[in-house]
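The values are calculated or read from the model by the stated rules, or taken from the named source; none is laboratory data. These figures come from a predicted structure and were not determined experimentally. Glycine gets a Cβ as well: all are built from the backbone with ideal geometry, and neighbour counts include every protein chain shown. Accessible surface is based on the protein model in full, side chains and every heavy atom, while ligands, DNA and RNA are left aside. Shrake-Rupley method; radii C 1.70, N 1.55, O 1.52, S 1.80 Å.
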Amino acid sequence: MLFRSIIGNQRYKRSLAVCIADFLGEATVRNHLLVAGPSGTGKTYLLEQCLPDFGLPFHILDASGLVPSGYKGNTLKESLEDFFRTNMTASRRCIIMLDEFDKISEKANGGDVFKSHSLQSELLTLIQGKQEGSIDTRNALWILAGAFAYSDEMKQTPPKMTKNDLLKYGFKNELLGRITKLTMTDIPSTEDVVKRVANDKLIKSFSKDLLAMGYE
């Protein structure tokens, strides 16, 4: 399904397919995935296109505006409460994507160690599996995504990154240790971009409406 509906990003699709297959199996193996790649290379888009087809509750949240518990603002807990309240089967099995994962590093927070480490500690607890109130992440598969534009590794051609590279930017080793797989997105060719636009669900729907009105 992934390979039919998504153009390009072969590495990303293979890694995601393995993680999803393991998760949907009888054993419900949670191989949490980290996706790194420049902005605009399809990290979030691919998931938005394919996650509805798996028939599981899923939630995509943005890490860039999160604050640690006790601060005024949007916390990880608050971001997940509504999702679990409105999806009664999410505690059995669900997929959670944390976009802009790179924004909770020390590097991205201007060296604010307390904020960065507090957020990472809260995320670690949730990834390990936690039940508190309406939130139950014990059977949740996590997909973390980030551009890591501040890193030296992403400025290479082609970009290449490992989990060990992330340690120097202020990510906690304990958190990175919970991530089973790391994959990179591919920078799309012009042909890939054209194919993606032509095959987008909204574009196809718009084209269908035009044909119904007599336009091609």
Top-ranked residue of the stretch 181-216 - restricted to ones that are assigned to a loop (DSSP other than H, G, I, E, B) and in contact with a Lys or Arg (Cβ under 8 Å, 6 or more places away or on another chain), ranked as farthest from residue 14 (Cα to Cα): 188
Any chance residue 106 is touching an Asp or Glu at 6+ places or on another chain (Cβ under 9 Å) and open to solvent by less than 60 Å² (accessible area, probe 1.4 Å): yes
Pair list, Cβ < 9 Å and 6+ apart or interchain, from the stretch 186-198 residues that are in contact (Cβ under 8 Å) with a residue 40 or more places away in the chain to residues that are β-branched (Val, Ile, Thr) and surrounded by 13 or more Cβ atoms within 10 Å (Cβ to Cβ): 186/41; 187/41; 188/7; 188/41; 192/7; 195/7; 196/6; 196/7
Checklist (1) over 13 Å from residue 142 (Cβ atoms); (2) within 14 Å of the chain's Cα centre (by Cα); (3) modelled with pLDDT of 90 or more applied to residue 97, failing item: (1)
Tally of residues being under 18 Å from the mean Cα position of the chain (by Cα), in a helix (DSSP H, G or I) and at pLDDT 95 or above across the stretch 152-174: 1
Residue 165 of a type in the set (Asp, Glu), surrounded by 16 or more Cβ atoms within 10 Å (Cβ to Cβ) and farther than 20 Å from residue 46 by Cβ: yes
Check on residue 19, modelled with pLDDT under 90 and either of a type in the set (Gly, Ala, Ser) or farther than 24 Å from residue 106 by Cα (or both): no
Residue pairs meeting the criteria (Cβ under 8 Å; at least 6 apart or on separate chains; first on the phi < 0 side of the Ramachandran plot and of a type in the set (S, T, N, Q), in the stretch 36-57; second surrounded by 15 or more Cβ atoms within 10 Å (Cβ to Cβ) and at pLDDT 85 or above): 39/147; 41/185; 41/186; 44/60; 44/97; 44/99; 44/145
Options 214, 170, 146, 177; residue that is small (Gly, Ala, Ser) and in contact with a Ser or Thr (Cβ under 8 Å, 6 or more places away or on another chain): 170
Any hit, the stretch 132-149, residues being under 21 Å from residue 69 (Cβ atoms), open to solvent by 70 Å² or more (accessible area, probe 1.4 Å) and of a type in the set (D, E, K, R): yes
Unmet requirement for residue 205, which otherwise passes all of (1) within 23 Å of the chain's Cα centre (by Cα); (2) open to solvent by less than 90 Å² (accessible area, probe 1.4 Å): (1)
Residues that are part of a strand (DSSP E or B), of a type outside the set (Gly, Ala, Ser) and open to solvent by less than 20 Å² (accessible area, probe 1.4 Å), drawn from the stretch 36-95: 61, 66, 94, 95
Members of the stretch 110-124 that are touching a Gly at 6+ places or on another chain (Cβ under 9 Å) and outside any helix (DSSP H, G or I): 111
